[in-house]
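The values are calculated or read from the model by the stated rules, or taken from the named source; none is laboratory data. Quick caveat, the model's predicted, so the values are computed rather than measured. Cβ sites come from the backbone with ideal geometry, for glycine too, and all protein chains shown count toward neighbours.
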Amino acid sequence: MAWVFLAPYLILFVAFVLLPIVFGLWISLHSWDFTLPGKPFVGLENYKALIDSTSVTFAPFWNSMQATGIFTLFSVPLLIVIPLGVALVMNENFPGRNLFRGVFFAPYVLGVAVVGVLWRFLFDANVGLVNSVLGGLGLPDRIPWLSSLPAAWVALVAVTIWWTLGFNAVIFLAGLQDVPRELYEAASVDGATRWSQFLHVTIPGVRPVLSFVLMITIIASANMFGQSFIMTNGAPGGETETAIYYIVEQGLSSFDMGAAAAASWILTLALMAASVLVFWLFRERDGSKA
Amino acid sequence: MKALRIGLLGLLTLLFVSPLLFMISTSFKTRQEAGQVPPTWIPRDPTLQAYQAILNASDTPVFRWFVNSMVAASAHAVLVVITSALAAYALARLEFRGKRIVFASIVATLFVPPVILVIPNYEIVGRLFWLDTLVAVIVPTAANAFGVFFLRQFFLQLPRELEESAFLDGANQWQVFAKIALPLSLPALATLSLLSFLTNWNDFLWPVYVLFSAENQTLQAGLATLQAANSIRYDLLMAAAVVASLPVLIVFMFAQRYVIEGVSRSGLKG
């Protein structure tokens, strides 16, 4: 009986999650072009090419990995600190609280395509609102936001914050509300300042939520694709082409699917290593506290 | 403290709302005004030209994309809710051999980055002859672990007594599920269908690569096509962006509570 309930989901799960994981490994061992009948087995050649600095795929792949690394490094801290700050400001009862929460969350319900197309317009070097506002404030107003470095990174990170701030803030806010009021009351009876309340009550109280948000934010940033695809197209010269962007272009535009599948396994392993590291860092501190 | 908070929230609100207002305003401008420096906030002579130009254009049929997105997102949400509810109920309430393995393998895939699935799923979808059809954006992504988790959690919290007394009254497993468990879970089912609809409506990478004909695209993939064809016609781009965002913004306005609580609850579970 149970299997009747499970069957519809499991069919999808096996066909589009379990099978592809194994199938992807298989593809990565071949010179695999979707459009060609012959798909010769090449063993580990695709992987070797990606780690051999003399191969043609080496530089573009590792440049894209570097782009993903840069984006993750700069976006993740901001995507933790700013939403946490917003959640702290919102974590009190005041009129219009739910309205503000809704406003900050709203961009998240828009797709990356809408967000990207909109901000590409706002960041347009010639007719964009951003340069126009900067000019109005007496600041440089000819910045080629999407076609120069480091401006393009600033734009990509800023857009990502605008888009997903509300998502992280809402999760933090729920976490903050689970911190027992009595702890704050006890702390203030003991004469703790707001700052020490934050350090000794708030932060330990939201630690599990904090590590969860950190984890999903790292994964989301490391999977960045749409912002680059729509806003910079990898500009100025491929520097903002992220790993995902490289992999799907290689696999689904050039149809070099074997190399792309191998690259996606390397990216996955890098991501898993990063996750384990974050997990371990957070564990370590919990241990020293106990 | 109070003044500081009001100041901060006011500034943030400005940063969040003004881009959206500017998008809407630009969509009603003429081609000339949309590219004008300095930009205007209110269109001098508001016009529907941009909308007329894109809604039924043969290379960028935005209205058709709108219909495609509606069909795909609705079908996807229904598929996710049905398959997840059934599976989640089995995992929450039924005893069977292999339950732990099934559950563990679903859990494990939460940690699998989706990029690993893109290349092989393209090949699989190709072999099923789904490429360039809406089925390709409806079905494969429905196999996500989130819905099963979310509903399993909800079913576990339901009081067992109701289901047990239904059994005593002679109901079978199916009736208990359909007549007791499901009706009690309507809020959770509503949240899941909303989130699934939104996710599918906004999905970008996958539709960009699996849908290629102009008339088969979804709005999000279509936006990229439109941008490629009219890269600095911001009047047209903003009109299409408005079409792509209005439905979700309206849904969000009315169902804000469900969406936000769904998101924050899923976060807390982790």
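Which one of B:Leu189, B:Leu195, B:Leu184, B:Leu211 is free of Cβ contacts under 8 Å to residues at least 60 places away in the same chain, over 30 Å from B:Thr40 (Cβ atoms) and more than 9 Å from every other protein chain (Cβ to nearest Cβ)?
On the way: B:Leu189 fails: free of Cβ contacts under 8 Å to residues at least 60 places away in the same chain; B:Leu195 fails: free of Cβ contacts under 8 Å to residues at least 60 places away in the same chain; B:Leu211 fails: free of Cβ contacts under 8 Å to residues at least 60 places away in the same chain.
B:Leu184 is the lone residue from the list that is free of Cβ contacts under 8 Å to residues at least 60 places away in the same chain, over 30 Å from B:Thr40 (Cβ atoms) and more than 9 Å from every other protein chain (Cβ to nearest Cβ).
Only residues that are small (Gly, Ala, Ser) and in contact (Cβ under 8 Å) with a residue 12 or more places away in the chain were counted across segment A:43-76, and they come to 5.
Considering only residues in segment A:95-122 that are more than 7 Å from chain B (Cβ to nearest Cβ) and assigned to a loop (DSSP other than H, G, I, E, B), the one that is surrounded by the most Cβ atoms within 10 Å (Cβ to Cβ) turns out to be A:Gly96.
Residues of segment A:1-16 that are at pLDDT below 95, touching a helix residue (DSSP H, G or I) at 6+ places or on another chain (Cβ under 6 Å) and part of a helix (DSSP H, G or I): A:Ala2 alone. Among the residues in segment A:234-253, are any within 22 Å of the chain's Cα centre (by Cα) and on the phi > 0 side of the Ramachandran plot? Yes - at least one qualifying residue is present in segment A:234-253. Taking the residues in segment A:158-193 that are within 14 Å of chain B (Cβ to nearest Cβ) and either in contact with an Asp or Glu (Cβ under 6 Å, 6 or more places away or on another chain) or outside any helix (DSSP H, G or I) (or both) as candidates, determine which candidate is surrounded by the most Cβ atoms within 10 Å (Cβ to Cβ). Result: A:Val179. The helices (runs of 4 or more DSSP H) found wholly in segment A:194-290 and carrying at least 3 residues that are more than 9 Å from chain B (Cβ to nearest Cβ) and surrounded by fewer than 19 Cβ atoms within 10 Å (Cβ to Cβ) occupy A:194-197, A:203-222, A:257-289.
Taken over segment A:1-50, the criterion of being surrounded by 14 or more Cβ atoms within 10 Å (Cβ to Cβ), of a type in the set (Val, Ile, Thr) and closer than 21 Å to B:Pro113 by Cα is satisfied by A:Val17, A:Ile21, A:Ile27. Segment B:42-136 holds helices (runs of 4 or more DSSP H) entirely within its bounds, and those carrying 3 or more residues that are under 30 Å from A:Ser253 (Cβ atoms) and more than 9 Å from every other protein chain (Cβ to nearest Cβ) map to B:49-55, B:62-93. Residues considered: B:Leu11, B:Leu15. Of these, the only one that is assigned to a helix (DSSP H, G or I) and facing chain A (nearest Cβ under 9 Å) is B:Leu15. Just one residue in the set B:Val67, B:Val17, B:Val81 is over 25 Å from A:Trp163 (Cβ atoms) and surrounded by fewer than 18 Cβ atoms within 10 Å (Cβ to Cβ); that residue is B:Val67.
For the residues A:Phe198, A:Phe167, A:Phe212, A:Phe172, the requirement of being touching a Leu at 6+ places or on another chain (Cβ under 6 Å) and among the hydrophobic types (A, V, I, L, M, F, W, C) singles out A:Phe172.
The lone criterion from (1) farther than 27 Å from B:Phe22 by Cα; (2) over 26 Å from the mean Cα position of the chain (by Cα) left unmet by A:Tyr47 is number (2). Residue count for segment A:56-77 satisfying the condition of being outside any helix (DSSP H, G or I) and surrounded by fewer than 15 Cβ atoms within 10 Å (Cβ to Cβ): 1.
Consider segment B:20-45. How many of its residues are more than 25 Å from A:Pro107 (Cα to Cα) and surrounded by fewer than 16 Cβ atoms within 10 Å (Cβ to Cβ)? Going through segment B:20-45 one residue at a time, the tally reaches 7.
Checking each residue in segment B:195-217 for being in a helix (DSSP H, G or I), surrounded by 20 or more Cβ atoms within 10 Å (Cβ to Cβ) and hydrophobic (A, V, I, L, M, F, W, C) picks out B:Leu195, B:Phe197, B:Leu198, B:Trp201, B:Leu205, B:Trp206, B:Val208, B:Val210.
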